[in-house]
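The structure appears below as structure tokens.
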Amino acid sequence: MAAEGSTGPPADPWCAPANRPALDSTNPPSEAVLTDIDALVSANIGLIVGGLVVVVLALAFAVVGLIRRVRGLGRRLESLTQGSDESSLEAVLGSHLERVRQVVTDVGAVAARTAVVERDLQRSFGRIGLVRFNPFEDTGAVHAALAAHGAEKLDEDFAAEGVRMRIRLPENRLDALKAQLRDATRDRVRLRAEDADTP
């Protein structure tokens with residue numbers, strides 16, 4: 001509703017009065033508005049300064065935290081790339097993965113070799129023999145036969161009835177050693193086979 005005696009539109013309570021320009025208008029605000037803003041800031045200067053100090057301190061703590069975190073990440077990256085000539089983390093990780101693959105391959109090869117060695121070891125010294133012979137007539141022939149067949153002398157005992165010798169040799173050579181001892185000593189040597197774990 002228009003004021004009495006006025007011919008213009010009714011006044012809007014949300015609009016600035018006609019004698020004062022709006023803050024976002026192209027006309028600069030009057031000195032009265034600036035005075036109102038100064039008064040508002042002056043009345044609350046303590047709160048504004050306190051709020052700015054809190055914001056600055058929070059930002060300072062955030063910067064310090066970020067610096068510490070970057071340093072920690074730098075140390076971790078350096079420990080990961082230590083001893084490597086690669087220029088990027090991706091290249092370092094690639095070379096580490098390649099080393100791990102090589103180690104896995106090497107472990108597989110060592111496991112295969114170990115299985116072969118264990119298999120061969122079980123066959124290589126599977127028999128222990130007890131050899132009895134006359135020390136004066138057959139010593140040279142017995143020692144030559146033992147050396148020829150890869151036998152290992154464990155102990156030797158001289159007695160009145162002859163020599164007793166314990167030997168260890170590959171199981172696949174036992175029959176050949178028996179034959180050679182029989183032929184070289186005219187069957188005077190006695191060879192008795194025992195299991196390898198016999199004391």
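The values are calculated or read from the model by the stated rules, or taken from the named source; none is laboratory data. Fair warning: this is a prediction, and the values are worked out from it, not measured in the lab. Please note: Cβ atoms are built from the backbone with ideal geometry, for glycine as well, and neighbour counts cover all protein chains shown.
Here are a few things to note about the model shown:
- Residue in the range 72-88 that is of a type in the set (A, V, I, L, M, F, W, C), within 23 Å of the chain's Cα centre (by Cα), within 30 Å of P170 (Cβ to Cβ) and assigned to a helix (DSSP H, G or I) present: no
- Residues (touching a helix residue (DSSP H, G or I) at 6+ places or on another chain (Cβ under 9 Å), among the aliphatic types (A, V, I, L, M) and either loosely packed, with under 14 Cβ neighbours inside 10 Å or not in a strand (DSSP E or B) (or both)) located in the range 148-171: A148, A151
- Tally of residues being touching a helix residue (DSSP H, G or I) at 6+ places or on another chain (Cβ under 6 Å) and at pLDDT 85 or above across the range 178-199: 1
- Verdict on V70 being free of Cβ contacts under 8 Å to residues at least 12 places away in the same chain and either on the phi > 0 side of the Ramachandran plot or of a type in the set (V, I, T) (or both): yes
- Lone qualifier among L97, L57 - being of a type outside the set (S, T, N, Q) and at pLDDT 95 or above: L57
- Residues that are touching a helix residue (DSSP H, G or I) at 6+ places or on another chain (Cβ under 8 Å) and modelled with pLDDT of 75 or more, drawn from the range 62-88: L77
- Residues that are in contact with a strand residue (DSSP E or B) (Cβ under 8 Å, 6 or more places away or on another chain) and of a type outside the set (A, V, I, L, M), drawn from the range 138-157: T139, H149, G150, E152, K153, D155, E156, D157
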